[in-house]
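I have placed the structure first, in the form of structure tokens, so that the comments after it can refer back to it.
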Protein chains: 2
Amino acid sequence: MPEMNANLATTISALTGAKKYKTLRDILVTIDPADIALLFNDLPMEMLPLLFRLLPKEQAADTFVEMDSDPQELLIRSFSDTELKAVIDELYVDDAVDIVEEMPANVVKRILQQADPETRKLINELLKYPDDSAGSIMTTEFVDLRPEMTAAEAILRIQRTGIDKETINTCYVTDESRRMIGIVSIRALILARAESPVTEFMQTNLISVNTLEDQETVAEKIRKYGLIAMPVVDGEERLVGIVTVDDAMDILQEEAAEDIAKMAAVTPTEEPYFKTSVFALWKSRVPWLLFLMLSATFTGMIIRSFESALSSLPVLIAYIPMLMDTGGNAGSQASVTIIRGMALGEIEFGDTIRVIWKEIRVAVVCGITLAVCNFGKLMLLDRVAPLEAAVVCTTLIAAVFFAKLVGCSLPLFARKIGFDPAVMASPLLTTIVDAISLLTYFKIATVVLKMG
Amino acid sequence: MPEMNANLATTISALTGAKKYKTLRDILVTIDPADIALLFNDLPMEMLPLLFRLLPKEQAADTFVEMDSDPQELLIRSFSDTELKAVIDELYVDDAVDIVEEMPANVVKRILQQADPETRKLINELLKYPDDSAGSIMTTEFVDLRPEMTAAEAILRIQRTGIDKETINTCYVTDESRRMIGIVSIRALILARAESPVTEFMQTNLISVNTLEDQETVAEKIRKYGLIAMPVVDGEERLVGIVTVDDAMDILQEEAAEDIAKMAAVTPTEEPYFKTSVFALWKSRVPWLLFLMLSATFTGMIIRSFESALSSLPVLIAYIPMLMDTGGNAGSQASVTIIRGMALGEIEFGDTIRVIWKEIRVAVVCGITLAVCNFGKLMLLDRVAPLEAAVVCTTLIAAVFFAKLVGCSLPLFARKIGFDPAVMASPLLTTIVDAISLLTYFKIATVVLKMG
């Protein structure tokens with residue numbers, strides 16, 4: 001709610017100016033860390049160190065995690081070593097890694113110096129995993145139980161170590177070589193008799209992912225199985241971390257935003273709209289516009305090669321935009337449907353034939369529907385000659401047919417040869433479909449109307 | 001993984017044919033309910049009742065919830081009253097409501113007859129909330145605590161009632177008029193001393209939503225605040241239910257899929273691609289194609305009104321597709337960025353001026369970049385006259401400018417007058433931008449080249 005924030009920001013600014021620190025603190029402690037982070041975006045940067053110091057330790061750390069990287073960097077630079085150490089001590093390792101990844105080298109060095117040796121080791125280990133892999137987003141702070149423990153002993157262990165764990169809602173039973181042999185939900189633990197061994201009520205249908213699995217796949221699996229946390233195992237099947245559901249939601253949201261941006265021929269940016277500079281927006285948009293503009297050279301060449309024919313029958317020119325738009329729309333309907341189906345794991349390369357057969361049938365019924373309606377319109381409203389109307393409508397069917405065919409197969413082949421279907425589909429699709437539609441139009445016109 | 005399922009489906013079919021029920025059961029109990037539901041999609045419908053009866057009670061209910069509505073209906077029809085009652089007893093109320101909403105009237109009647117009176121009352125109450133509201137997706141099965149309880153008493157209460165609750169990871173402290181006064185995480189409860197009152201460690205920064213709040217807003221808030229469950233309150237601020245994070249993830253995924261479909265001019269369908277009939281695909285796509293095709297009448301009219309002028313300078317025709325495509329792409333870049341920003345709550349109607357000012361600057365730099373590149377290409381490759389190249393490039397700048405302007409403001413105004421920005425933006429955008437680009441092109445050409 002940007003408006004609510006704007007008003008609150010004014011109040012906070014005024015109170016800061018008037019040095020009403022007690023009142024400020026009373027207000028801030030009632031606000032959720034996610035909202036404080038948003039609020040900080042609306043305040044002058046130089047106020048942040050002071051306001052941040054007013055927050056209680058835990059709220060301060062939670063707020064810090066939610067902030068954008070620019071104000072984070074500013075705060076770290078304003079921190080004394082002791083203050084920096086206090087914040088790092090409160091962070092979960094996966095959050096610390098996310099922050100470190102966004103900071104310049106000298107800030108990273110300071111963070112690692114202030115972290116205690118064990119945390120430093122963990123951060124360095126997590127930094128080694130490839131970007132966007134399960135390993136790079138997991139936390140190593142989970143509750144592990146041993147099979148010989150009873151329910152009461154497991155609860156004791158949580159009471160002793162749980163305060164530092166990212167979640168205690170799911171605990172993991174591992175054997176002496178750290179292989180996961182069971183999962184215990186906190187519900188099962190609380191409902192169990194105190195003396196039952198955890199092996200009696202642990203769940204043994206285990207779902208896990210490898211450290212190298214892509215983060216989108218991990219998030220999608222957490223959603224599919226309705227998990228609170230997904231265990232992450234290394235190449236030797238040892239349990240090394242967990243990815244929690246709150247991170248999975250952020251990932252799904254980001255990936256959806258990225259797919260939407262790519263389909264609209266925009267290079268995805270991570271910053272919010274108003275935080276993105278005009279130059280950054282230009283950079284994310286202009287390459288695609290340039291590429292698409294230059295690829296329209298083909299359509300231009302086709303039109304020019306039929307120039308003399310067209311000038312003898314100018315009525316046909318009027319329908320070029322309609323044919324190209326309809327082809328483009330029919331194609332993007334198919335490609336977006338298939339791209340989405342691939343993202344959800346419903347469609348893969350092996351299904352190509354089934355997809356094409358389905359799209360062909362859809363294309364035929366769509367094409368005929370459009371052609372019939374358009375023929376009526378051409379005869380009754382535009383009052384063109386029947387033969388000319390027939391040329392336009394036959395082209396319409398052909399354009400929809402080719403558009404759906406190219407639209408549904410392009411994403412499948414793009415994935416097969418290792419390209420991102422969302423990036424490749426839309427620009428290439430327009431170019432190919434436009435060219436095919438125009439060529440078909442002029443060829444049919446030349447034959448039927450003896451234009452040549 | 002459709003392929004894994006296909007292989008497993010073959011095995012299951014063979015074992016069913018050979019009546020190896022013991023083996024089948026041993027296989028099925030190792031599979032997660034979400035995967036069994038997917039597997040059932042690949043098996044002949046008539047095998048489902050038999051396989052379903054092989055599942056242990058709890059796994060059966062979990063599988064039932066994950067299934068599509070067609071096989072669900074088939075199963076219900078094959079159930080005896082006792083079997084139906086057993087499944088309903090295992091379901092959480094919110095899942096039961098989801099199922100009831102998809103069933104025909106006679107099946108609904110049977111379900112309600114078999115549900116115990118209290119469940120029946122809850123289902124009926126939840127059915128009264130508007131579609132896609134927080135009330136319609138919440139569950140009423142949460143753990144409520146009283147402020148006078150100690151940690152030990154709270155844990156006792158969870159042990160007594162927790163088995164029937166959807167989640168015990170977050171518990172809610174309510175006063176005697178059922179107003180929520182605090183939230184207690186299971187972690188806080190386990191880490192607290194047994195004799196501490198819950199008021200001592202409950203969290204009092206309360207975040208909740210109203211029963212009538214849109215489900216997308218609820219899911220987005222769960223994501224933003226990183227919650228396991230969101231409390232839902234009625235008009236009198238009484239706690240009536242919770243929405244859990246697993247449902248929130250499904251909602252975010254569905255809403256993203258819907259937005260993507262709408263942007264590609266497809267009416268969203270809920271069924272997976274291969275389950276959707278050709279007729280259903282036709283129905284979801286053809287209205288938009290028809291609408292867009294007929295709206296291209298305007299561009300046709302514009303071209304026809306400049307017909308004589310165009311035939312005297314046919315070289316200009318060749319650049320119509322390029323100008324229209326570039327305008328369309330530039331416009332959809334802006335509209336998709338704004339629509340996404342609105343969905344994430346970053347942009348609202350009050351920001352219209354800021355958005356327009358930003359897009360104008362982006363449009364100017366993008367337009368000039370494209371014009372410069374294109375001028376070079378027109379002179380060096382296409383070898384058109386400098387004056388003609390100037391007409392094309394000036395139009396290019398104007399087209400990008402108007403496209404970004406219309407593209408960024410249309411979604412904002414659509415939302416303001418109560419339309420869905422994603423639905424309205426793309427079809428209208430193409431029509432408006434195409435018409436403006438063409439008019440600008442011909443007007444400039446008429447003036448500069450004295451075509452008229």
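Those helices (runs of 4 or more DSSP H) of region B:54-168 in which 1 or more residues are closer than 18 Å to residue B:36 by Cβ occupy B:57-66, B:69-78, B:81-90, B:93-102. The set of residues in region B:339-352 being more than 7 Å from every other protein chain (Cβ to nearest Cβ) and either of a type in the set (S, T, N, Q) or under 14 Å from residue A:269 (Cβ atoms) (or both) consists of B:344, B:352. Here residue B:387 clears all of (1) surrounded by fewer than 19 Cβ atoms within 10 Å (Cβ to Cβ); (2) under 23 Å from residue A:292 (Cα atoms) except the condition numbered (2).
Residues of region A:331-353 include at least one that is under 23 Å from residue A:443 (Cα atoms) and small (Gly, Ala, Ser).
Considering region B:134-166, the residues that are among the small types (Gly, Ala, Ser) and over 30 Å from residue B:102 (Cβ atoms) include one that is surrounded by the fewest Cβ atoms within 10 Å (Cβ to Cβ), namely B:152. Within region A:132-168, the set of residues being among the charged types (D, E, K, R) and free of Cβ contacts under 8 Å to residues at least 12 places away in the same chain comprises A:153, A:160.
Does region B:270-282 contain at least one residue that is buried (at least 16 other Cβ atoms within 10 Å of the Cβ) and more than 9 Å from chain A (Cβ to nearest Cβ)? No, region B:270-282 contains no residue that is buried (at least 16 other Cβ atoms within 10 Å of the Cβ) and more than 9 Å from chain A (Cβ to nearest Cβ).
Pairing residues of region B:215-238 that are within 12 Å of chain A (Cβ to nearest Cβ) and more than 18 Å from residue A:248 (Cα to Cα) with residues that are among the polar types (S, T, N, Q) and assigned to a helix (DSSP H, G or I), at Cβ distances under 6 Å and at least 6 apart in sequence or on separate chains, gives no pairs at all. For region B:364-375, a residue qualifies if it is hydrophobic (A, V, I, L, M, F, W, C) and over 15 Å from residue A:280 (Cβ atoms), and the qualifying residues are B:364, B:368, B:370, B:371, B:372, B:373, B:375. None of B:318, B:330 is crowded, with 21+ Cβ neighbours inside 10 Å, in contact with a Gly (Cβ under 9 Å, 6 or more places away or on another chain), at the interface with chain A (Cβ under 7 Å from one of its Cβ atoms) and modelled with pLDDT of 90 or more except B:330.
For region B:6-21, the criterion of being aliphatic (A, V, I, L, M), surrounded by fewer than 17 Cβ atoms within 10 Å (Cβ to Cβ) and modelled with pLDDT under 85 is satisfied by at least one residue.
Of all residues in region A:299-315, those that are within 7 Å of chain B (Cβ to nearest Cβ) and over 44 Å from the mean Cα position of the chain (by Cα) total 4. Inside region B:417-433, residues that are at pLDDT 80 or above, among the hydrophobic types (A, V, I, L, M, F, W, C) and in a helix (DSSP H, G or I) make up a count of 3.
Restricting attention to region A:345-355, the residues that are among the hydrophobic types (A, V, I, L, M, F, W, C) and surrounded by 15 or more Cβ atoms within 10 Å (Cβ to Cβ) add up to 2. The single residue among B:363, B:414, B:399 that is surrounded by fewer than 24 Cβ atoms within 10 Å (Cβ to Cβ) and either part of a helix (DSSP H, G or I) or at the interface with chain A (Cβ under 10 Å from one of its Cβ atoms) (or both) turns out to be B:414.
Take the conditions (1) free of Cβ contacts under 8 Å to residues at least 12 places away in the same chain; (2) at the interface with chain A (Cβ under 9 Å from one of its Cβ atoms); (3) within 34 Å of the chain's Cα centre (by Cα); residue B:357 misses just one of them, which is (2).
The residues of region B:248-258 that are in contact with a Pro (Cβ under 9 Å, 6 or more places away or on another chain) and more than 7 Å from every other protein chain (Cβ to nearest Cβ), listed by number, are B:254, B:258. Considered as a group, the residues in region A:201-214 that are within 14 Å of another protein chain (Cβ to nearest Cβ) and not hydrophobic (A, V, I, L, M, F, W, C) include one that is farthest from residue B:170 (Cα to Cα), and that residue is A:213. Exactly one residue among B:198, B:245, B:266, B:184 is touching a Leu at 6+ places or on another chain (Cβ under 7 Å) and facing chain A (nearest Cβ under 7 Å), and that residue is B:245.
The values are calculated or read from the model by the stated rules, or taken from the named source; none is laboratory data. Small disclaimer: the values here were computed from a predicted structure and weren't measured. Neighbour counts are summed over all protein chains in view; Cβ atoms, including those assigned to glycine, are modelled from backbone coordinates with ideal geometry.
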